[in-house]
Amino acid sequence: MTPSNPPLRLSVTTAHDEKDLTLQTPTSGSALTPPVTPIAKEIADAERSIPSPLEEPSPEQTAAQVKRNINTPLRFTDEIEICRDGEDCPVEFGRGAWSIVYKARSTPNVTTTHLHTPPSSPVTTSRVLAVKAPLRRDARKVLQSEALTLTRLNLTPGFERHVVPFHGFLSDSDALVMSAVPLSLSTYIEDQADLRKQQPSTATMFDPVQGPEAWRDMARKLITSLAWLHDTAGIIHGDIKPHNILLRPIATDEPGLEAGAFPYEPLLADFSSAFDIPSDATPAPDANQAAMSAFTPPFTAPELLSLASLKSGDVAPTPASDVFSLAATLMAAATGDLLLYPGSNNMQRLAMARDGHRILDFTRAGSNGCRVPRNGFVEKLVQPAVFKDPAQRISTRDWVALASS
Ligand SMILES: Nc1ncnc2c1ncn2[C@@H]1O[C@H](COP(=O)(O)OP(=O)(O)O)[C@@H](O)[C@H]1O
Ligand SMILES: [Mg+2]
């Protein structure tokens, strides 16, 4: 780092003190956006309103309470700095349709002292984080809405096991701060496929690329997370695919981790297309048209890709379309083909995606189709999730039971 090129500093001071609301971005000089309302009290109220486990609240009640109380995103208040490499370029974890995700480091700006140690021992450990910053102007609104969704999700019981940890929103730069989880399911699938190519074996050619036990374990965890998202948090993801699932390693010596098991906790990420599951009383909201343009055909449910629905633009993802997208994700993980239909061009892929209920047939015709044998466990788990009629697709609750059997 040279003194003439200072680090991009995204340092926000405090959410509570109006006079301190500043964002220091010496390299960007971007204009300040109006501060959002402080929300510490709202979060405290929401947390208080979550009944204690002794009262055994229904999950639906809890999620509804969280939503009612939280209308502004949690703000990130510590100092944060984007990491730079030897060439002084910002270090990226990844990119998507809307954003660049940078590696960042943060030091708490309030020194904490341990209760049982002398008061002179402040804790000032820095932590590695991920900062998702908008890539285009129209991404700002999308990230603002994602910040609110993540705020609510991170207050919903059980979130630790299912969604990427969210630390707050930088309102001046419309950026999200998350825990760093540097491995995505897409990279994992590619790595496993490469390993298989390097060590081809007839003994394993009818198995998913990562091995049968790991695939089943991964599938069970992913389906459980989707069930939590729909049934406990009341949210539709809208863009489930391997690039939007992050993998947090589990220590392989952890008790209970069986041989061959999937050594990661999959976490749902990228809530840029997400929205609340409409209740019976409220009509379905218009899908965020900007967010909908992020569709990735092979993973998008066929009903969302029909010409009529694309033309009218009034079609929105549903829990059943998330179920389809997760089934397609499980297929990609089994075959090791990240785009599902290898050798096809974009137009052919779109045509096959529009006939997505035939995903098993299409896959079996491809070069890795042998990894999804007829009547095998992959087919048994995927088939009920890809029916053409969304109403016929398996519910997440039944899917969890099937994946655990
Ligand atoms: N918390 C994180 N830690 C590390 N990498 C991440 C994190 N979140 C996202 N990424 C990487 O950045 C990519 C883009 O992030 P994503 O949220 O999917 O953005 P977009 O909405 O633009 O698609 C992801 O595919 C993943 O590789
Ligand atoms: Mg994404």
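The values are calculated or read from the model by the stated rules, or taken from the named source; none is laboratory data. In this text, all values refer to a predicted model and were calculated from it rather than measured experimentally. Heads up, the Cβs are rebuilt from the backbone with ideal geometry, glycines too, and the neighbour counts pull from every protein chain shown. To get the accessible areas, we keep the full protein, side chains included, count just its heavy atoms, and leave off ligands, DNA and RNA. Shrake-Rupley method; radii C 1.70, N 1.55, O 1.52, S 1.80 Å.
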Check your understanding: Rounded to the nearest 0.05, what FRET efficiency do Ile250 and Gln348 have when you use their Cβ-Cβ distance and R0 = 35 Å?
Key -> 0.35
Exercise for review: First obtain the Kirkwood hydrodynamic radius of segment 138-193 from its Cα pairs, then insert it into the Stokes-Einstein equation at 25 °C and 0.890 mPa s, and state the resulting D in µm² per second as a whole number.
Suggested key: 192 µm²/s
Check your understanding: What percent do you get for the relative contact order of segment 185-404 when only Cα pairs under 8 Å and 6+ apart count?
Key -> 27 percent
Point to revise | segment 185-404 - percent of accessible surface contributed by carbon and sulfur, probe 1.4 Å | key: 54 percent
Review point. Which whole-number percent is the relative contact order of segment 332-405 (Cα, under 8 Å, 6+ apart)?
Key: 26 percent
**Study point:** Linear extension gain, Arg137 paired with Leu183, 0.36 nm per residue minus alpha-carbon span
**Key:** 13.8 nm
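Would you mind estimating how fast segment 311-405 diffuses translationally, via Stokes-Einstein at 4 °C and 1.567 mPa s with the Kirkwood radius over Cα pairs, in µm²/s?
Values: Rh = 13.9 Å.
Estimated diffusion coefficient is 93 µm²/s.
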Exercise for review: Sort the following peptides by mean Cβ neighbour count (other Cβ atoms within 10 Å, averaged over residues), highest first: 346-357, 324-335.
Suggested key: 324-335, 346-357
Revision key, fill the gap. Heavy-atom accessible area per residue of segment 185-404, all protein chains kept, 1.4 Å probe, expressed in Å², is 44 Å²
Point to revise | Estimated FRET transfer efficiency when R0 is 30 angstrom, pair Ala308-Ser404 (beta carbons, to 0.05) | key: 0.20
Review point. Mind listing the phi-derived Karplus ³J(HN,Hα) values for segment 356-364, rounded to whole Hz, using 6.51, -1.76 and 1.60 with θ = phi - 60°, and x for any glycine or proline?
Key: x, 5, 9, 3, 5, 5, 4, 5, 5
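Viscosity 0.692 mPa s, temperature 37 °C: what is the translational diffusion coefficient of segment 118-245 from Stokes-Einstein with a Kirkwood Rh over Cα pairs, rounded to a whole number of µm²/s?
So the translational diffusion coefficient is about 187 µm²/s.
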Review point. So how do 198-211, 233-246 stack up, highest first, on mean other-Cβ count within 10 Å?
Key: 233-246, 198-211
Review point. What full-extension length gain, to one decimal in nm, is calculated for Gln383 and Leu339 as 0.36 nm per residue of separation minus the Cα-Cα distance?
Key: 14.0 nm
Exercise for review: Could you let me know the centre-to-centre spacing of segment 343-405 and segment 140-217, using Cα atoms, in angstrom?
Suggested key: 21 Å
Study note, to complete from the structure: Amide H contacts under 5 Å for Phe275, restricted to residues at least 5 apart in sequence or on another chain and with H modeled in the peptide plane, are Ile236
Point to revise | Linear extension gain, Lys197 paired with Asp361, 0.36 nm per residue minus alpha-carbon span | key: 56.7 nm
